[in-house]
Amino acid sequence: MIYSLTFLIILANYGSVFCYEGSIDEELLIKPLQSNQVYAHFQFSTKWDIDPEKETFRHSSLFPRPIGELIQRFDIQELHVTLTGGLWRYEKWGYPVVDAATGAEVLAWFKPGSDVDTNWKLLANSLSGLFCASLNFIDDLNTIKPEFSFRPRGVVDSKFINSSHVRYANLPHEIVCTENLTPWKKLLPCDSKTGLASLLNSGHIHNTRYHSVGLHLRPVCRDKSCESLSLELQQTVSLVYDYLILGTKNWSLRKLFGQGVNRKCVLVNKSDIYVDTTLTDVELEPAPDKTVTSIRGGQTTVLQKYEVTNTFLNIYAKYQNADVVPLNLPPPLHANQYLSGYGQERGGIVTKIYNNHWKELDVVLLQNIPWFIPIYLHTLKVVSNGKELKPLQLRYIPARQRIRPNYLEVLLRLPARTSTSVVIDFDYVFLKWQEYPPDANFGFHIGSAVISCYLPVAKNYTAVPWDMTLISDSFNASRNGYLVEIRTENLIITLPTPDFSMPYNVICLACTVVALAFGPLHNITTRKLILKSNKKVQLVEKIKKLLNSLSKTKEE
Amino acid sequence: MRLITTYFLVFLITVIQAFSNKSHTNNWAVLVDTSRFWFNYRHVANVLSIYRSVKRLGIPDSQIILMIADDMACNPRNPRPATVFNNADQHINVYGDDVEVDYRGYEVTVENFVRLLTGRLPPGTPRSKQLLSDEGSNVLIYLTGHGGDGFLKFQDSEEITSQEMADALEQMWQKQRYNEIFFMIDTCQAASMYERFYSPNILAVGSSLVGEDSLSHHVDSSIGVYIIDRYTYYALEFLEKVNPQSDRSLSEFLKVCPKSVCISTVGVRKDLYNRDPSRVPITDFFGSVRPIDILHDITNVTLVQRKRAKSKKPKAKPKKYMYVDPLVNFNSLNV
């Protein structure tokens, strides 16, 4: 450690030899939601002006070296990892900055010409070590190559997208706790000592309704001409605090995160906090440095900006009218997923998609269903307000037992103001007895469906535009459309689970039966049965016999 | 002549002693909780107590392999998220703010545990999931869970037998994966787990003898279950008073839980261990104390300027990069 430090110091002195071209910005968006929650989104964006194709990733200063090693070793073009606890409720909360499914989700694009399948497995293993998560359970059994749902988020050199270079897997069972946040924080240049990262204290993160830790890596344009590349690494944390858990509506940084911001991280370029005050009438203390009004896709947003300096900062928000609850306007598109049917034989998976927009919407529905849930394509039914709807396109690869999952992608054009349900039936199957997990009676997870849509309006929309990096870039950034990737609920099904003490009982019973049957049979078959004479022997004859035998022994 | 021989002998002994002391160069810890389900909260608290101590005494996270079979800290049943306490009065949050769990949930299996010890892991296993010890490593192995006479249950679905455990340690010895092992186990009938050991340099301690139950310490009414086991509770109490510089010996540690407080009898097996525990500092296993020399003379290091091969190729036409449409255009599809 000391050696590496001295080495770094030496290197820092030779600035001309080793200089870092890039920057790191940190931002925090606090948005009171229409229901009784407040949403906090942290975003740490590291930009590194290098050519990812030529870079060896031997040296890095702001950019985390472990991530560089992953890029270099596994030929990664783009990588998205999220670890999430809780469920984002689109209907009430609108759209998050980053969509994430409950549990773990990994999406990676590999460079053309690389051995994608091997690299994918090795990448999952490395990520599991890096984030202390069970991502090593990602294998052929839960990996798919979606054709329509995901497209590269970063820049590419060709318009032709080959979906054989993408891999997507989700682990709905994965839990998220401090052990995942600890290594994530270690990737930041200032760790969690200063800057906005000092607000990430585990005790105040895991008591939330929803918490999601993410890492997003992509190549971006270095400048406007877009002839050279930069690497962009976004580290995000999304939290939804409930006023009921906080005990009050009047939140403050200290109340939410346990402490205020001590001082700015010296390595960071920009360190800003934005508080969304569009819907709520709050009094902020201290007064904000700046008020920003953003008009984007037909929606006006008012934000209060704070710049983190070297003085202590604790923002306190006091509601003027605590009893006034803003009207909840559901977003243009949201979805739910649930199970139908009863009994232990047949069931169905229903995905209900609501289009509240006045125009029809094009959506892509992606489902990754485990192999032990055999679905039947002929039962696929799309019904929109009572009328059957024909999918525009369908991609389906049926599962093969213990080899690959079911992959289903449906392209739909949803009529205006409708609710559409996509139903597919499946059978319950028995697993081999060793395939049951230790807590088999808990049930088996089916991961969330992903519904992608390019929305024409930015109602309730917070995400950063496609070609931009920072939250501040999303102000007044109207585009042709706004991408949402809605994640639905995970499902839990109870497969017929045998009684695992049954083998023991069977052995006991079988042994008893064998013992009972074998004993008499053995007796009967091996013993010689001889009739015994009933005649009584007289005493005189007995003495005679005895004398005879005695005389015989004497002769001998 | 005799004097010379004596001198020679003394010299030889000191050399051997110096040699044997030198053979310990690094420390590793393998801490395993084998129990799933909320009612086994205490086992997670046990293993995290030891984790906290070894980390505090200087073993880095990269040299601690922590296996936890279930998530207690972020369990929905936990009224205090992201914490695991050793005491109903919430004295110490043993989970801490910077814990790193290496194997968790379904990954905690007998197979993974034995593979970890013997180093026979599948290719691609990350470093944090490997026991990269060598012939100079002092390894602390701590196990907690539900045990019986000659076995320890993993996740309520499988078990490791004492013979398998002994064979795994022998394989470690043959592969020169340890210098000394301190084997701690807190289960019912714990002593049965180390009875079959036959490899050298192992000191073993168990919380109860064969035929005895190992008991829990107390109930925390806010979580509704027992919070920690007796043996580990007192072990943690002792370890909290140890610091990396202290000269508390291992024999003191072996006496942390007398029968009056533990109720079960703590079993110790010393016959495989050739040092006297009263002379072994506890930091030989729980800490990572290394001799460090500070150099005062300044060395100038100059960087070697690497010559960059100049490409003689004519400058290629600059590539033009672009963002693609975020979603496939439905009108372009052949519907």
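The values are calculated or read from the model by the stated rules, or taken from the named source; none is laboratory data. What you are looking at is a predicted structure, and each value in this text was computed from that prediction instead of being measured. Heads up, the Cβs are rebuilt from the backbone with ideal geometry, glycines too, and the neighbour counts pull from every protein chain shown. Each accessible area value is taken on the protein alone, full model and side chains, heavy atoms only, with ligands, DNA and RNA left out. Shrake-Rupley method; radii C 1.70, N 1.55, O 1.52, S 1.80 Å.
So in segment A:333-463, what percent of DSSP beta bridges are antiparallel if you round to the nearest 5? Write out the running numbers ahead of the final one.
On the way: 45 of 45 bridges.
Among the beta bridges of segment A:333-463, antiparallel pairing accounts for roughly 100 percent.
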Cα centroid separation - segment A:153-213 against segment A:371-404, whole Å: 31
Which chymotrypsin sites (Phe, Trp or Tyr not before Pro) from segment A:496-556 combine a DSSP loop assignment with at most 14 other Cβ atoms within 10 Å? A:F500
Carbon plus sulfur fraction of accessible area for chain A, probe 1.4 Å, in percent: 55
From the alpha carbon gyration tensor of the protein assembly as shown, can you work out the equivalent ellipsoid semi-axes (sqrt of 5 times each eigenvalue) and give them in Å, largest to smallest? 58, 41, 28
Listed residues B:S62, B:N86, B:C257: farthest to the positive end of the dipole of chain B (Cβ charges): B:S62
Take the alpha carbon atoms of segment B:14-286, find their radius of gyration, then divide it by 2.2 N^0.38 Å using N residues; give the quotient. 0.94
Are there DSSP H segments in chain A that both extend 30 Å or more along their axis (alpha-carbon positions) and score a mean Kyte-Doolittle hydropathy of at least -1.0? List them, or say none. A:502-526
What does the C-alpha gyration tensor say about the overall shape of segment A:21-65? Classify as rounded when a/c is under 1.5, otherwise prolate if a/b is larger than b/c, or oblate. prolate
So which aspartates and glutamates pass the test for A:K145, namely a Cα distance under 20 Å, with those fewer than 8 places away in the same chain ruled out? A:D75, A:E78, A:D99, A:E105, A:D115, A:D117, A:E409, A:E485, B:D325
Summing +1 per Lys or Arg and -1 per Asp or Glu among the other residues with Cβ less than 12 Å from A:I50's Cβ gives -2
Which of the DSSP-defined H helices in chain B satisfy a minimum axial length of 15 Å, computed from C-alpha atoms, and a minimum mean Kyte-Doolittle hydropathy of 0.5? B:2-22
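List the pairs from A:K54/A:K270; A:K92/A:K359; A:K305/A:K459; A:K432/B:K175; A:K352/A:K387; A:K111/A:K270 whose alpha-carbon separation is above 26 Å, in the order I gave them. Let's see the in-between values first.
On the way: A:K54/A:K270 29 Å; A:K92/A:K359 21 Å; A:K305/A:K459 21 Å; A:K432/B:K175 36 Å; A:K352/A:K387 14 Å; A:K111/A:K270 32 Å.
Those over the limit are A:K54/A:K270; A:K432/B:K175; A:K111/A:K270.
Just the number please: accessible area per residue for segment B:183-328, 1.4 Å probe, all protein chains included, in Å². Numbers along the way, then the final one.
Values: 8740 Å² over 146 residues.
I get 60 Å² per residue for this part.
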Do any residues of segment B:109-154 show a loss of at least 30 square angstrom of accessible area between the isolated chain and the full protein assembly, using a 1.4 Å probe, and if so which? B:G124, B:P126, B:K129
Of the beta bridges DSSP finds with both residues in the protein assembly as shown, what % are antiparallel, to the nearest 5? 80
Heavy-atom accessible area of B:E252, protein chains in place, probe 1.4 angstrom, given in Å² to nearest 10, is 70
Interface size between chain B and chain A, please: total buried accessible area, 1.4 Å probe, rounded to the nearest 100 Å². 5000
Unit charges on C-beta of K, R, D, E only; dipole of the protein assembly as shown, Debye: 1760
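Using a 1.4 Å probe on the protein heavy atoms, what percent of the accessible area of segment B:14-286 belongs to carbon and sulfur? All intermediate terms of the calculation are to be shown ahead of the outcome.
On the way: 5080 of 10320 Å².
After summing per-atom areas, the C and S share lands at 49 percent.
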Using θ = phi - 60° and Karplus 6.51 cos²θ - 1.76 cosθ + 1.60, couplings along segment A:132-148 (whole Hz; Gly, Pro as x): 6, 10, 7, 5, 5, 7, 6, 8, 4, 6, 9, 9, 10, 10, x, 8, 10
Not counting ligands, DNA or RNA, and with a 1.4 Å probe, what is B:D293's accessible surface area in Å² rounded to the nearest 10? 140
Show which aspartates and glutamates lie in cross-link reach of B:K259 when reach means a straight Cα distance below 18 angstrom and same-chain residues fewer than eight apart are skipped. B:D186, B:E212, B:D213, B:D229, B:E237
With a 1.4 Å probe and all protein chains left in place, how much accessible area per residue does chain A have, in Å²? 48
Please state the charge dipole magnitude for segment A:333-463, taken about the Cα centre, from unit charges on C-beta atoms (+1 on K and R, -1 on D and E), reported in debye and rounded to the nearest 20. 340
I need to check one value: relative contact order of chain A, counting alpha carbon pairs closer than 8 Å and at least 6 residues apart, in percent. 15
Can you list the residues of segment A:153-181 that have at least 20 square angstrom less accessible area with all protein chains present than in their chain by itself, probe 1.4 Å? A:V155, A:V156, A:D157, A:K159, A:H173, A:I175, A:C177, A:T178, A:E179
Taking all protein chains together and a probe of 1.4 Å, list A:L329, A:L246 from the most accessible to the least accessible. A:L329, A:L246
Could you report the accessible area of A:T277 in Å², rounded to 10, computed with a 1.4 Å probe on the protein chains as they sit in the structure? 20
Report for segment B:14-286 the percent antiparallel among DSSP-assigned beta bridges with both residues inside it, nearest 5. 35
Lysines near A:K544 by alpha-carbon distance under 21 Å, same-chain residues fewer than 8 away left out - which ones? A:K535, A:K536, A:K552, A:K554
